[in-house]
Amino acid sequence: MTGPSSQPNSQPWDLAIVGAGPAGTASALGALHARPDLRVLLLDRADFPRDKACGDGIAPHAVDVLAAVGVHGLLDDQMPVHRLELTHGEAKVSRAMKRPAYVVPRAEFDARLLAAAVAAGAWFRRGRVRGVRAGSSAVAGEVAVDVAGATTGRARTVIAADGAHSVLRAAVSAAPGGRRVHTRPRTALALRGYAPVQPAARGRQRIVFGTRRQPAYAWSFDRGDGLANVGYGELLTGDGPVPSRVLLLAELDRLLPGAGDDAEQWRGHHLPLSSWPWQQPGGRILLAGDAAQLINPLTGEGIYYAVATGVLAGRCAVQSLRGQHCGADAGRLHRQAVRALLGRHLLHTRVGASLVSRPALVRAAVRAAAADQRVFDDLVEVGLGRGRLTASTVVAAVRELST
Ligand SMILES: Cc1cc2nc3c(=O)[nH]c(=O)nc-3n(C[C@H](O)[C@H](O)[C@H](O)COP(=O)(O)OP(=O)(O)OC[C@H]3O[C@@H](n4cnc5c(N)ncnc54)[C@H](O)[C@@H]3O)c2cc1C
């Protein structure tokens, strides 16, 4: 166990967080920034550093959220990536983003976040959580957390940050009042590897949209150290076989020829895409990041959502523990906070995701972004942050449709 110098006593934890990825570590940081003496347990089945299938693209919005909870300069030693290139068939735009993004291998990024959470006062413990019990089968006012091979832990509030295949989300959905959490979100599947960066891909994030089930795209993101994160992902529609690794690799090579040559560390994963309205039951168990089914359905970006909803979950746990309900209304507070931050944005991305099932619209949007920097900037905000599809962007895309 890693944590502050004094051992915790046998009291229940104020907050137990399951999963120490970006959502879990941000939850700890959000809670401890609001109340530094909070007793926070951070559990993960993996030892860190650990790899995670990802494009490794870190939006500046995520860096902003971390700075707000006291984590400054986390990526100052990394190469900023200013240029974003989007291609659909013959249509192409290559422009500088208003603010640079970063491409940082998750083994590195997540380990840095975990170190920051432990430095802030969280206790990190390795353990695979099998489930949680709140209410009648647990002591009133506590949640029992079942950890494989260990005695059950107890906590007054719990944050589920255990990723795309969250066991806690399933438990919350099965609980009374939990019916409203989507148990079958729209899901994408993607495969990534690390390859020597091609000259044409240096200093940029390249995305080439595919023609199979939309959204689908291949990417090559320059890490700045001679390697690029490359990959391909597409929506799973349920009407047909799940795309094989061979097919995903073939699509990558078709859209970005040679980008995957000599690549290593291939790894695939599911992406639970966000929908609208966002759901979170009441009670003591809060959902954040992929466990909350929060991945942008247009771009596959989830790290900003993970840190943003993690920080909100941590703060709501603290607020609830201070109040008269002593943790019991944490879920309601979190639902309100996430909807206030992301509600309209999630509606816009949901509508956008329906529109991009028509390839002509993707092509028109790329052409409109090539013609006008403001359209490009709008699309970047929708794809990486919490922007909305503005009227002028929609009009510009529709105009391109008819040319
Ligand atoms: C191929 C691919 C490319 C992507 N590219 C990008 C990108 O470029 N930019 C971007 O912003 N997003 C990207 N995403 C999405 C991004 O990876 C996720 O949104 C992000 O990892 C969510 O963070 P999280 O903390 O919610 O979950 P995770 O990062 O998955 O962390 C969950 C943690 O929980 C732990 N855990 C799981 N189950 C248990 C258990 N039972 N007990 C204890 N611990 C458990 C895991 O070990 C893990 O450490 C991509 C996803 C994929 C699959």
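The values are calculated or read from the model by the stated rules, or taken from the named source; none is laboratory data. Because the structure is a prediction, the values reported are computed rather than measured. Every residue, glycine as well, gets a Cβ built from its backbone with ideal geometry; the counts of neighbours run over all protein chains shown. These accessible areas exclude ligands, DNA and RNA; they are computed on the full protein's heavy atoms, side chains included. Shrake-Rupley method; radii C 1.70, N 1.55, O 1.52, S 1.80 Å.
Some values worked out for this structure:
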{"item": "Hits in the stretch 166-212 - residues which are farther than 22 Å from Pro257 by Cα, assigned to a helix (DSSP H, G or I) and at pLDDT 90 or above", "result": "Val167, Leu168, Arg169"}
{"item": "The stretch 95-126, subset touching a Ser or Thr at 6+ places or on another chain (Cβ under 6 Å) and part of a helix (DSSP H, G or I), residue surrounded by the most Cβ atoms within 10 Å (Cβ to Cβ)", "result": "Ala117"}
{"item": "Restricting the stretch 127-140 to residues that are in contact (Cβ under 8 Å) with a residue 12 or more places away in the chain and assigned to a loop (DSSP other than H, G, I, E, B), the residue that is farthest from the ligand (Cβ to nearest atom)", "result": "Val139"}
{"item": "Some residue of the stretch 380-392 being assigned to a helix (DSSP H, G or I), free of Cβ contacts under 8 Å to residues at least 40 places away in the same chain and under 18 Å from the mean Cα position of the chain (by Cα)", "result": "yes"}
{"item": "Exclusive hit being touching a strand residue (DSSP E or B) at 6+ places or on another chain (Cβ under 9 Å) and open to solvent by less than 10 Å² (accessible area, probe 1.4 Å), set Val318, Val382", "result": "Val318"}
{"item": "Residues satisfying the stated conditions in the stretch 24-54, i.e. farther than 25 Å from Trp266 by Cα, open to solvent by 20 Å² or more (accessible area, probe 1.4 Å) and either within 7 Å of the ligand (Cβ to nearest atom) or of a type in the set (Asp, Glu) (or both)", "result": "Asp37"}
{"item": "Yes/no for Leu248 being more than 22 Å from Arg50 (Cβ to Cβ) and away from the ligand (no atom under 12 Å from the Cβ)", "result": "no"}
{"item": "All positions within the stretch 39-62 that are farther than 26 Å from Gly149 by Cβ and among the β-branched types (Val, Ile, Thr)", "result": "Ile58"}
{"item": "Only listed residue being part of a loop (DSSP other than H, G, I, E, B) and surrounded by 20 or more Cβ atoms within 10 Å (Cβ to Cβ), chosen from Val63, Val71", "result": "Val71"}
{"item": "Scope the stretch 55-68; condition within 15 Å of the ligand (Cβ to nearest atom) and either more than 19 Å from Glu108 (Cβ to Cβ) or in the same structural domain as Gly203 (by TED's automatic domain parsing) (or both); matching residues", "result": "His61, Asp64"}
{"item": "The stretch 267-277, residues that are outside any strand (DSSP E or B) and within 14 Å of the ligand (Cβ to nearest atom)", "result": "Leu273, Ser274"}
{"item": "Tyr304 vs. criteria within 30 Å of His345 (Cα to Cα), outside any loop (DSSP other than H, G, I, E, B), hydroxyl-bearing (Ser, Thr, Tyr) and open to solvent by 10 Å² or more (accessible area, probe 1.4 Å)", "result": "yes"}
